[in-house]
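Notes to accompany the following structure.
The values are calculated or read from the model by the stated rules, or taken from the named source; none is laboratory data. Just so you know, these numbers come straight off a predicted model, no measurement behind them. Cβ coordinates were reconstructed from backbone atoms using ideal geometry, including for glycine residues, and neighbour counts include every protein chain displayed.
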């Protein structure tokens, strides 16, 4: 895309086009010079002006742009344009992402909004999408133009109101799509973890079941296990299963304030010592490849005392068989029955463990799907009696991948008696998403986010989100924190719309209040919402009238 980024490029471009005889509508060009007022009267913006007002308008500078040329740059706020012929798109860029906010055709005008608002930090740019012919005035010329014409002021304000409404709708939609893209990526990662774990575990389960079946057949056919022996080993298996169910860590848990690990990993040396003891015991009882069994037996909670009990109740001296002569000319005694029983116990425990893993993974997938439905209020009316805690929890689930990557601990201080509020649930979830996501970005790595809720006099509820980010929000920009397009994030990492949209949702849609307090080491956002708000009913149900 060819871009004209400064005045020199504009002049060079226009000169080249003129030299090539590429002027658009040459007849009208001469009319601009010979009959300026008549020409302006043909343009929609000026058609309602009196002759006196038309005469007060200075002649604009004619400019031409080829398709792809940049007409108005990001942050530029000192040029007003009237499009005589062609087409222009307004594009919002955020890093590698871009969205078309509006399009202009012949007779339209643009550039007044940044001038009137002093909008020097906007992220919008205007591009010609086809060969275009325009008139332009600088900032001083624009102000002189509207000061000399009350009718023009009304026209400009009317078009600004329509433009702001269009921009607000487009920007909100764009922000939602950007947020949805981030949430979808995190959700895909969260779904992939348990899904991949399930696939991997099913393969392992298939192999373990084959091994288990082979050992059952061997114990029955080769060793002739009695009903009493089977009763004993079955009871032993049930004991290890109970221990497994009570001690196993719950994986993929997202409702805990902090992450806990398997206790066995916290005392690695103790486990190694237990395995060595079991290996020695197995070798002394005719199981020479005990190192293959020791780790699983230790994880299953099998102790030396339990091994002694197994030897007494299941095996006997008859199960010890003489093997071959070793390199040291000693006879290797091998207790095949004991080895096969312990191998069966390990295989059985492994099958139970893998089934538990599949259950845990599929439960996590189900939780994520439920969280998505809860977050989006799928198949529900807009106006709801909203459980604030459920909304926050579903939001935390959607952001779980980002929280986990940043090593963020969530502390919940919920009011157990918090009443439901009459509100638009999916919009409130958008607020929680924006504020918590900003808190994560403010912390960076390794920090804490505290979420508090409180009922205030049975008339409104308070939601407080506090993070311990080291920098906080600088004082010099705090007054602008809710402005559209303003962001303290690095380029490409934020649109500057999240807090602006959140402010509108809380203060305008729900007639609540949002404020913040920030200093290095602490940023606190407080959101107050009325428990009952009839204004929402009027907004959504005003068409139902007697």
Given (1) part of a helix (DSSP H, G or I); (2) modelled with pLDDT of 90 or more, number of the condition residue 404 does not satisfy: (2)
Residue within the range 488-503 that is surrounded by fewer than 18 Cβ atoms within 10 Å (Cβ to Cβ), at pLDDT 85 or above and out of contact with any strand residue (DSSP E or B) (no Cβ under 7 Å at 6 or more places or on another chain) present: no
Tally, over the range 394-447, of residues that are in contact (Cβ under 8 Å) with a residue 60 or more places away in the chain and out of contact with any helix residue (DSSP H, G or I) (no Cβ under 8 Å at 6 or more places or on another chain): 6
Of all residues in the range 56-68 being in contact with a strand residue (DSSP E or B) (Cβ under 6 Å, 6 or more places away or on another chain) and within 25 Å of residue 117 (Cβ to Cβ), the one that is surrounded by the most Cβ atoms within 10 Å (Cβ to Cβ): 65
Selected residue (criterion: surrounded by the most Cβ atoms within 10 Å (Cβ to Cβ)) from residues of the range 79-121 that are closer than 15 Å to residue 166 by Cβ and touching a helix residue (DSSP H, G or I) at 6+ places or on another chain (Cβ under 7 Å): 92
Residue match in the range 434-444 (condition: under 20 Å from the mean Cα position of the chain (by Cα) and part of a loop (DSSP other than H, G, I, E, B)): yes
